[in-house]
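The values are calculated or read from the model by the stated rules, or taken from the named source; none is laboratory data. Computed from a predicted structure; not experimentally measured. Heads up, the Cβs are rebuilt from the backbone with ideal geometry, glycines too, and the neighbour counts pull from every protein chain shown. Each accessible area value is taken on the protein alone, full model and side chains, heavy atoms only, with ligands, DNA and RNA left out. Shrake-Rupley method; radii C 1.70, N 1.55, O 1.52, S 1.80 Å.
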Amino acid sequence: MQAFQEYPCPNCGSELNYDAEKRSLKCLHCGAVFAIRPSTEVIEEKNIGIFKDAETIPIAPVRVVVYRCSKCGQETQEPGDVAFFECRSCGNNVLNPAAYATRSISPAGIIPFKISKQDALDRFTQWIGKGFWNDGDLKKLSLADKLEGHYVPFWTFDCQTENHWAGYSGRYYYETVRRRNASGQEVTEQVRHTDWTWRSGSFERFFDDVLVCGNKSVPQDRINDVYPYLLNDVVVFDDEYLLGWNARAYDKDLSETYRLARTIMDGKIEAEAISRLAEDTYRDLQVQTDYSGETFKQIILPVWLCRYLFKGKTYQFIINGQTGAISGTKPLSVSKIATAVIIVLVIIIAVYLFSKSG
Ligand SMILES: [Zn+2]
Ligand SMILES: [Zn+2]
């Protein structure tokens, strides 16, 4: 039998949600606010070694769990890796603490939501541009229904690296040459040459908290746009923070995300090697890296996601639930494009008339 948890309001027995503005649990019915007692545990980085092998086993298909509501008696079915859901009939809030245990690694920390839904909608309106849509258009879109707050699993990686690099450094120098041009006149010209020197060296670099998203439904390039997350705010994971929010276990495992983290690290190492090697330019760069002290942790971060249809096209935007940073695709305003076209036409005509009169 699946053990579910319910957090009824101690005042009135109604549903409690984690409230981004109050940074506490808040009753949807009577408005009472209850603080979450922060844990004093220390969040530890884990050594990657044994886990990386364990994670090469594919994530097993997750069973459906059945919740029988303690309030209305109706049954709700959910995939077993969903950590929070509501009773389909009466909306009773239910936590499924076993959701994260369907994976081999459980979350260590979480950044609770700080950006409320209203705040997220305001940031979207500001980002899309004042006056782009009138209020009627926005209401018709009913963005509030499509904007969803998700607690998304992320992986962070720490790593010490020692890097040996070698290659040719190029220094430009110029030679003045005289030659005759097509009409037989003598002209001087600057010709660029490169002086190549073989160079090598080494440097150490420590990587702290390289962040990789652990959920396939969040595009990595889009999430990169709303970085950084301020990881000093990570607190010990507690599923009370999930009350009222979408929350699901990871679907990109440790070995897959660690490969991505390595790519990010290797890119930065190469950039540093180039800056050490190249005077004006470089060629034949070789970098050899030794990685040591590789550790990781899984943390849950807040993300607002929205997909909406506007004039037959789908658009998507994403908001950092901690800082409010936003990224997405914007529909183009037809009236703004028309205005721009008219301005360009006016300029062309003006230039034409001016050249004729001159
Ligand atoms: Zn209450
Ligand atoms: Zn119910």
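Some notes on this structure:
- Of all residues in region 79-89, those satisfying the criterion of being away from ligand 2 (no atom under 13 Å from the Cβ) and open to solvent by less than 40 Å² (accessible area, probe 1.4 Å) are GLY80, ASP81, VAL82, ALA83, PHE84.
- Within region 100-134, the residues that satisfy the criterion of being part of a loop (DSSP other than H, G, I, E, B), among the small types (Gly, Ala, Ser) and at pLDDT below 95 are SER104, SER106, GLY129, GLY131.
- Region 13-23, subset open to solvent by 60 Å² or more (accessible area, probe 1.4 Å) and on the phi < 0 side of the Ramachandran plot, residue nearest to ligand 2 (Cβ to nearest atom): LYS22
- Conditions (1) open to solvent by 70 Å² or more (accessible area, probe 1.4 Å); (2) free of Cβ contacts under 8 Å to residues at least 60 places away in the same chain; (3) over 23 Å from LEU260 (Cα atoms); (4) not hydroxyl-bearing (Ser, Thr, Tyr): number failed by VAL191: (1)
- The one condition from (1) over 18 Å from GLY267 (Cα atoms); (2) open to solvent by 30 Å² or more (accessible area, probe 1.4 Å) that TYR229 does not meet is (2).
- When residues in region 9-36 are screened for being more than 8 Å from ligand 1 (Cβ to nearest atom) and either in a strand (DSSP E or B) or within 23 Å of TYR67 (Cα to Cα) (or both), 9 of them pass.
- Only a single item in (1) touching a residue at least 60 places away in the same chain (Cβ under 8 Å); (2) open to solvent by 50 Å² or more (accessible area, probe 1.4 Å) is not met by SER327, and it is number (2).
- The sole residue among TYR258, TYR282 that is under 23 Å from the mean Cα position of the chain (by Cα) and crowded, with 16+ Cβ neighbours inside 10 Å is TYR258.
- In this entry, GLY201 is excluded by the filter for residues that are touching a residue at least 60 places away in the same chain (Cβ under 8 Å), within 30 Å of HIS29 (Cα to Cα) and of a type in the set (Gly, Ala, Ser).
- Against the conditions (1) out of contact with any Asp or Glu (no Cβ under 6 Å at 6 or more places or on another chain); (2) closer than 12 Å to GLU240 by Cα; (3) open to solvent by 60 Å² or more (accessible area, probe 1.4 Å); (4) at pLDDT 95 or above, LYS26 satisfies every one except (1).
- Residue satisfying all of: in region 232-255; open to solvent by 10 Å² or more (accessible area, probe 1.4 Å) and of a type in the set (Gly, Ala, Ser); nearest to the chain's Cα centre (by Cα) among these: SER255
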